[in-house]
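Everything on this sheet refers to the single structure shown next.
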Amino acid sequence: MARMFTLHEAEAMLPDLERWLRSAIESRKGASALEEQLNALLLRINILGGIQVDIGRVVDLKTGKDQHVERLKKALEEIEGSGAVLKDLDTGLIDFPTLLEGEEVYLCWKLGETGIGFWHHTTEGYAGRKQIDRDFLDRHQGSRPM
(Lines give C-alpha, C1' and ligand atoms only; values in the text may rest on other atoms or scores of the structure.)
Protein backbone atom coordinates (compact mmCIF):
# COMPACT_ATOMS: atom_id res chain seq x y z
CA MET A 1 0.00 0.00 0.00
CA ALA A 2 1.21 3.49 -0.83
CA ARG A 3 2.26 5.83 1.92
CA MET A 4 -0.59 8.11 2.97
CA PHE A 5 0.28 11.73 3.73
CA THR A 6 -1.37 14.34 5.85
CA LEU A 7 -1.38 17.81 4.36
CA HIS A 8 1.18 18.87 6.95
CA GLU A 9 3.51 15.93 6.14
CA ALA A 10 3.29 16.61 2.41
CA GLU A 11 4.02 20.31 2.81
CA ALA A 12 6.99 19.55 5.06
CA MET A 13 8.51 17.57 2.18
CA LEU A 14 8.26 20.38 -0.39
CA PRO A 15 11.79 21.80 0.10
CA ASP A 16 13.37 18.38 -0.51
CA LEU A 17 11.05 17.61 -3.42
CA GLU A 18 11.78 20.97 -5.01
CA ARG A 19 15.53 20.34 -4.75
CA TRP A 20 15.20 16.82 -6.21
CA LEU A 21 12.91 18.00 -9.01
CA ARG A 22 15.22 20.84 -10.00
CA SER A 23 18.17 18.43 -9.98
CA ALA A 24 16.25 15.94 -12.14
CA ILE A 25 15.11 18.59 -14.60
CA GLU A 26 18.59 20.11 -14.95
CA SER A 27 20.23 16.69 -15.21
CA ARG A 28 17.85 15.63 -17.95
CA LYS A 29 18.49 18.87 -19.85
CA GLY A 30 22.25 18.41 -19.48
CA ALA A 31 22.13 14.79 -20.62
CA SER A 32 19.95 15.73 -23.58
CA ALA A 33 22.27 18.56 -24.65
CA LEU A 34 25.32 16.29 -24.52
CA GLU A 35 23.44 13.54 -26.37
CA GLU A 36 22.65 16.05 -29.13
CA GLN A 37 26.34 16.98 -29.37
CA LEU A 38 27.33 13.32 -29.57
CA ASN A 39 24.73 12.65 -32.26
CA ALA A 40 25.87 15.68 -34.26
CA LEU A 41 29.45 14.45 -34.07
CA LEU A 42 28.43 10.94 -35.19
CA LEU A 43 26.42 12.39 -38.06
CA ARG A 44 29.39 14.49 -39.13
CA ILE A 45 31.64 11.42 -39.03
CA ASN A 46 29.13 9.44 -41.12
CA ILE A 47 28.69 12.22 -43.67
CA LEU A 48 32.34 13.19 -44.04
CA GLY A 49 33.87 9.83 -43.29
CA GLY A 50 37.57 9.55 -42.58
CA ILE A 51 37.71 12.75 -40.51
CA GLN A 52 40.06 13.04 -37.60
CA VAL A 53 38.01 12.35 -34.47
CA ASP A 54 38.96 14.02 -31.22
CA ILE A 55 38.63 10.93 -29.00
CA GLY A 56 39.14 13.05 -25.87
CA ARG A 57 36.12 15.19 -26.83
CA VAL A 58 33.98 12.13 -27.46
CA VAL A 59 34.99 10.64 -24.10
CA ASP A 60 34.24 13.95 -22.34
CA LEU A 61 30.80 14.19 -23.94
CA LYS A 62 29.97 10.57 -23.08
CA THR A 63 31.27 10.90 -19.52
CA GLY A 64 29.37 14.14 -18.98
CA LYS A 65 26.16 12.61 -20.31
CA ASP A 66 26.58 9.56 -18.07
CA GLN A 67 27.09 11.81 -15.03
CA HIS A 68 23.91 13.74 -15.82
CA VAL A 69 21.99 10.48 -16.25
CA GLU A 70 23.23 9.22 -12.88
CA ARG A 71 22.18 12.47 -11.17
CA LEU A 72 18.78 12.18 -12.85
CA LYS A 73 18.35 8.59 -11.65
CA LYS A 74 19.38 9.53 -8.10
CA ALA A 75 16.92 12.45 -7.97
CA LEU A 76 14.09 10.27 -9.31
CA GLU A 77 14.92 7.56 -6.76
CA GLU A 78 14.77 10.15 -3.96
CA ILE A 79 11.35 11.33 -5.12
CA GLU A 80 10.05 7.76 -5.44
CA GLY A 81 11.53 6.80 -2.08
CA SER A 82 9.73 9.67 -0.37
CA GLY A 83 6.35 8.16 -1.18
CA ALA A 84 5.36 11.12 -3.35
CA VAL A 85 4.24 10.31 -6.90
CA LEU A 86 5.93 12.13 -9.77
CA LYS A 87 3.26 12.76 -12.41
CA ASP A 88 5.14 15.01 -14.84
CA LEU A 89 8.83 15.87 -14.71
CA ASP A 90 8.51 18.60 -17.36
CA THR A 91 6.14 20.64 -15.19
CA GLY A 92 7.33 19.33 -11.82
CA LEU A 93 3.93 17.87 -10.97
CA ILE A 94 3.77 15.78 -7.79
CA ASP A 95 0.87 13.97 -6.11
CA PHE A 96 0.69 12.81 -2.50
CA PRO A 97 -1.69 9.95 -1.67
CA THR A 98 -3.99 10.90 1.20
CA LEU A 99 -7.32 9.89 2.66
CA LEU A 100 -10.50 11.94 2.39
CA GLU A 101 -13.22 10.34 4.47
CA GLY A 102 -11.59 6.94 3.95
CA GLU A 103 -11.21 7.34 0.16
CA GLU A 104 -7.76 7.65 -1.40
CA VAL A 105 -7.29 10.98 -3.17
CA TYR A 106 -4.23 13.02 -4.09
CA LEU A 107 -2.88 16.22 -2.68
CA CYS A 108 -1.47 17.97 -5.75
CA TRP A 109 1.56 20.27 -6.00
CA LYS A 110 3.41 21.75 -8.94
CA LEU A 111 6.96 23.11 -8.92
CA GLY A 112 6.80 26.87 -8.35
CA GLU A 113 3.71 26.78 -6.13
CA THR A 114 4.41 28.04 -2.61
CA GLY A 115 2.43 25.29 -0.92
CA ILE A 116 -0.10 22.56 -1.52
CA GLY A 117 -3.34 24.25 -2.43
CA PHE A 118 -5.08 21.60 -4.52
CA TRP A 119 -6.33 18.02 -4.46
CA HIS A 120 -8.04 15.65 -6.89
CA HIS A 121 -9.54 12.17 -7.04
CA THR A 122 -7.26 9.35 -8.20
CA THR A 123 -9.28 9.05 -11.43
CA GLU A 124 -8.68 12.72 -12.27
CA GLY A 125 -5.54 14.43 -13.36
CA TYR A 126 -4.20 17.95 -13.21
CA ALA A 127 -7.28 19.30 -15.00
CA GLY A 128 -9.47 17.95 -12.19
CA ARG A 129 -7.64 19.82 -9.41
CA LYS A 130 -9.86 21.35 -6.78
CA GLN A 131 -8.81 24.00 -4.33
CA ILE A 132 -8.20 22.87 -0.76
CA ASP A 133 -10.91 24.71 1.12
CA ARG A 134 -12.52 24.58 4.56
CA ASP A 135 -14.81 21.71 3.48
CA PHE A 136 -11.84 19.64 2.36
CA LEU A 137 -9.93 20.38 5.57
CA ASP A 138 -12.95 19.44 7.71
CA ARG A 139 -13.25 16.08 5.90
CA HIS A 140 -9.53 15.33 5.50
CA GLN A 141 -7.86 13.08 8.05
CA GLY A 142 -4.76 14.68 9.57
CA SER A 143 -5.30 18.17 8.16
CA ARG A 144 -3.98 21.17 9.94
CA PRO A 145 -6.18 24.22 10.52
CA MET A 146 -6.23 26.93 7.86
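In debye, nearest 20: dipole of the chain around its Cα centre with unit charges on the Cβ of K, R (+) and D, E (-)?
Working: 19 positive and 25 negative charges, 104 e Å.
Roughly 500 debye for the chain.
Can you give me the relative contact order of the stretch 82-129 as a percent, contacts being Cα pairs under 8 Å and 6 or more apart? Walk me through the numbers on the way to the answer.
On the way: 75 pairs, mean separation 11.6, N = 48.
After rounding, I find 24 percent.
As a test of the formula, what do you get for the chain when each DSSP H run with n ≥ 4 contributes -39,500 (n - 2.57) and the sum is divided by the residue count, at 222 nm and rounded to the nearest 500 deg cm²/dmol? Can you show the working numbers first?
On the way: 4 runs with 75 residues, N = 146.
About -17500 deg cm²/dmol.
Per residue, how big is the convex hull around the C-alpha atoms of the stretch 1-60? Give it to me in cubic angstrom, could you? Before the final figure, lay out each step's value.
Working: hull volume 7.1 nm³, N = 60.
Dividing the Cα hull volume of the stretch 1-60 by its residues yields 118 Å³.
With +1 assigned to the C-beta of every Lys and Arg and -1 to the C-beta of every Asp and Glu, and no other charges, what is the dipole magnitude of the stretch 47-120 about the Cα centre in debye, to the nearest 20?
Details: 8 positive and 14 negative charges, 105 e Å.
About 500 debye.
Which is farthest toward the positive dipole end of the stretch 16-146 among Thr91, Phe118, His68, measuring Cα position about the Cα centre, with Cβ charges +1 (Lys, Arg) and -1 (Asp, Glu)?
Toward the positive end, the furthest listed residue is His68.
Could you state the angle between the C-alpha long axis of helix 14-48 and the longest principal axis of the C-alpha atoms of the chain, as a value from 0 to 90 degrees rounded to the nearest 10?
20
Defining a contact as two alpha carbons under 8 Å apart and six or more residues distant in sequence, what relative contact order in percent does the chain show? Don't jump to the answer; show the numbers that get you there.
Working: 182 pairs, mean separation 37.5, N = 146.
RCO, the chain: 26 percent.
Sketch the reach of a paramagnetic label on Ile47 as a point 7 Å from Cα along Cα-to-Cβ, and name the residues of the stretch 21-41 whose backbone nitrogen lies under 17 Å away.
Inside the label zone: 36-41.
Counting pairwise Cα distances across the chain, what percent come out greater than 22 angstrom? All intermediate terms of the calculation are to be shown ahead of the outcome.
Numbers: 5393 of 10585 pairs.
Result: 51 percent of Cα pairs exceed 22 Å.
Which percent of the accessible area of the stretch 53-146 is formed by carbon and sulfur heavy atoms (probe 1.4 angstrom)? Don't jump to the answer; show the numbers that get you there.
On the way: 2650 of 5320 Å².
Answer for the stretch 53-146: carbon and sulfur cover 50 percent of the accessible area.
What residues from the stretch 28-47 fall in the zone where the backbone N is under 20 Å from a label point 7 Å along the Cα-to-C-beta line of Asp66?
28-42
Relative contact order for the stretch 21-83: what percent, with Cα pairs under 8 Å and sequence separation of 6 or more? Let's see the in-between values first.
On the way: 40 pairs, mean separation 37.4, N = 63.
It comes to 59 percent, rounded to a whole number.
Name the shape class, rounded, prolate or oblate, that the alpha-carbon gyration tensor gives for the stretch 72-114, where a ≥ b ≥ c are the square roots of its eigenvalues, rounded holds for a/c under 1.5, and otherwise prolate holds if a/b is larger than b/c and oblate otherwise. List each step's numbers first, then the result.
Numbers: a/c = 2.93, a/b = 1.57, b/c = 1.87.
Because a/c hits 1.5 or more and a/b fails to exceed b/c, the stretch 72-114 counts as oblate.
If r is the Cβ-Cβ distance from Asp135 to Asp16 and R0 is 30 Å, what FRET efficiency results, to the nearest 0.05?
Computed FRET efficiency for Asp135 and Asp16 comes out at 0.55.
Pairs on different chains or at least eight residues apart, Cα atoms closer than 30 Å: how many lysine pairs in the chain fit?
20
Peptides 7-13, 119-125: what's the order by average Cβ count within 10 Å, highest mean first?
Details: 7-13: 17.3, 119-125: 14.6.
Output ranking for 7-13, 119-125: 7-13, 119-125.
Please give me the summed charge of the neighbours of Glu18: other residues whose Cβ is under 14 Å from its Cβ, Lys and Arg +1, Asp and Glu -1.
Values: positive: Arg19, Arg22, Lys110; negative: Glu11, Asp16, Glu26, Glu78, Glu113.
Residues near Glu18 contribute -2 overall.
Taking amide H positions as placed in the peptide plane 1.01 Å from N, state which residues far from Leu111 in sequence (5 or more) or on other chains have amide H under 5 Å from it.
Those qualifying (amide H under 5 Å, at least 5 residues apart or on another chain) are Leu93, Ile94.
Report, by chain and number, residues whose modeled amide H sits under 5 Å from the one on Ile132, excluding near sequence neighbours (fewer than 5 apart, same chain).
Those lying under 5 Å, H to H, from Ile132 are Phe118, Trp119.
The values are calculated or read from the model by the stated rules, or taken from the named source; none is laboratory data. This one's a predicted model, so the numbers in the text were calculated from it and none came from an experiment. Positions of Cβ are generated from backbone atoms using ideal geometry, with glycine treated the same way; all protein chains shown enter the neighbour counts. These area figures cover heavy atoms from the full protein model, side chains too; ligands, DNA and RNA do not enter into them. Shrake-Rupley method; radii C 1.70, N 1.55, O 1.52, S 1.80 Å.
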